[in-house]
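The values are calculated or read from the model by the stated rules, or taken from the named source; none is laboratory data. Here the structure is a predicted model, which means the values were calculated and not measured. A quick note on method: Cβ atoms are made from the backbone with ideal geometry, for glycine too, and the neighbour counts reach across all protein chains shown.
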Amino acid sequence: MRVPFFDLKVQYAAIKSEIRRAIDEVCDNQQFILGPQVHRLEDEIARYCGARCAVGVSSGTDALLLALMALGIGSGDEVITTPYTFIATAGSIARSGARPVFVDIDPARFTIDPKLIADRITERTRAILPVHLFGRCAEMEPIRTLAAQHQIAVIEDAAQAIGAEDEFGRMAGCIGLLGCFSFYPTKNLGGFGDGGMVTTNDSSLASTLFALRNHGASTKYLHSLLGGNFRLDELQAVLLAVKLQHLDQWTKQRIINAERYDALFRERGLECRIRLPELPRNERHVFNQYVVRVSRRDELSRFLESRGIGHDIYYPRPLHLQVCFEYLGYKEGDMPVSERAAKEALALPIYPELTQPMQEYVVDALQTFYGERSS
């Protein structure tokens, strides 16, 4: 048996006729930039997330950059974030001209540890940028409280977490001032290329975002701001609108698959060798990734590859140790929890179409690996 890490072909086959009809509609209309499909998707994403406004953009990375630009964050400013995330999070801060300030993570959630943030706030801090990693919300309430006390913004990186809810039932992307989403093809709601969205309940900020994504123009050829070409195109918007109708069912299946993994690992007695992700009962974890923590991670990775089992490593080197951030002055040992996660984390297949026999095959392989090692 072969088990891919994800299988977009299976998903596409199930909704191919819907997608083709939607694409044909755009092709017949021949309006490809900021047309009715983008506006429709913005309305539907806003409604889905419980936001007042949503602004379609060209990628999740550009969503982060535009959020920072809309707040006027730039040279001389600092933005607090996590080192255990994709490069786009801190990269967007640096591209804005601001300085990323890293805070270590909570070992259970993999998200920024709120208890460590206060000590890193300075007079230059303009925002806190938590990441809802792997599909689970960061612990937002203490972050919101800190931000309010210091009158700084909260920008959510919700690239991996559309549909996730925190313990208070608040949807990812609508807990802070701005929420940033990615529609990269392997996300829970993925396009046929790059795409993103910024959500907010602040109508004034939304107006700024609408202008910034279109070269700073609110009216054609009249540019009140220096923006860029950050527009979501019609073809991406129309197929994302089709997929959005299926998102909750896909999310439900991801959660079922995560629960099945947990049950299988416990049946085999492997929970003592493998640290499983938390399945919070008072939150909605949408499992963009199912990430376990293991010993001999790299050796296990090679073993799984030999068995035809797809997997991935998120993230093998935390951002504070990346060459591009050497100028920040961090060194190994500064973020011990993130550094340990980088050595232990392994993502297993979790996509909605994953079958029970496939999951059993994955768990069998891990049992074989650790059984051989312990004998």
*Can you name the condition, by its number, that Pro316 falls short on among (1) over 19 Å from Ala108 (Cα atoms); (2) without any contact (Cβ under 8 Å) to a residue 40 or more places away in the chain?*
(1)
*Set Ser224, Ser204, Ser182: member being touching a helix residue (DSSP H, G or I) at 6+ places or on another chain (Cβ under 8 Å), of a type in the set (Ser, Thr, Tyr) and free of Cβ contacts under 8 Å to residues at least 60 places away in the same chain*: Ser224
*Tally the residues that are without any contact (Cβ under 8 Å) to a residue 40 or more places away in the chain and crowded, with 24+ Cβ neighbours inside 10 Å, restricting the search to the stretch 72-95.*
2
_Matching option when the condition is in contact with a strand residue (DSSP E or B) (Cβ under 6 Å, 6 or more places away or on another chain) and farther than 17 Å from Arg47 by Cβ, among Gly216, Gly173, Gly179_ = Gly216
*Are any residues in the stretch 114-138 buried (at least 20 other Cβ atoms within 10 Å of the Cβ) and not in a helix (DSSP H, G or I), and if so, which ones?*
Ile117, Thr125, Arg126, Ala127, Ile128, Leu129, Pro130, Val131, His132, Arg136, Cys137, Ala138
_Out of everything in the stretch 264-278 that is within 26 Å of the chain's Cα centre (by Cα) and among the aliphatic types (A, V, I, L, M), what residue ends up being farthest from Asn188 (Cα to Cα)?_
Ile274
_Given the criteria under 23 Å from Asn214 (Cβ atoms) and touching a residue at least 40 places away in the same chain (Cβ under 8 Å), does Leu8 qualify?_
no
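A quick yes/no check of all residues on (1) modelled with pLDDT of 95 or more; (2) touching a Gly at 6+ places or on another chain (Cβ under 8 Å); (3) within 24 Å of Asp194 (Cβ to Cβ); (4) not hydrophobic (A, V, I, L, M, F, W, C):
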site: Phe230; (1), (2), (3), (4): yes, no, yes, no
site: Gln236; (1), (2), (3), (4): yes, yes, yes, yes
site: Ala241; (1), (2), (3), (4): yes, no, yes, no
site: Ile256; (1), (2), (3), (4): yes, no, no, no
site: Tyr261; (1), (2), (3), (4): yes, no, no, yes
site: Leu264; (1), (2), (3), (4): yes, no, no, no
site: Cys272; (1), (2), (3), (4): no, no, no, no
site: Leu276; (1), (2), (3), (4): yes, no, no, no
site: Leu279; (1), (2), (3), (4): no, no, no, no
*Just one of the numbered conditions (1) under 17 Å from the mean Cα position of the chain (by Cα); (2) part of a helix (DSSP H, G or I); (3) not assigned by TED's automatic domain parsing to the domain that holds Ala138 is not true of Leu240; which one?*
(3)
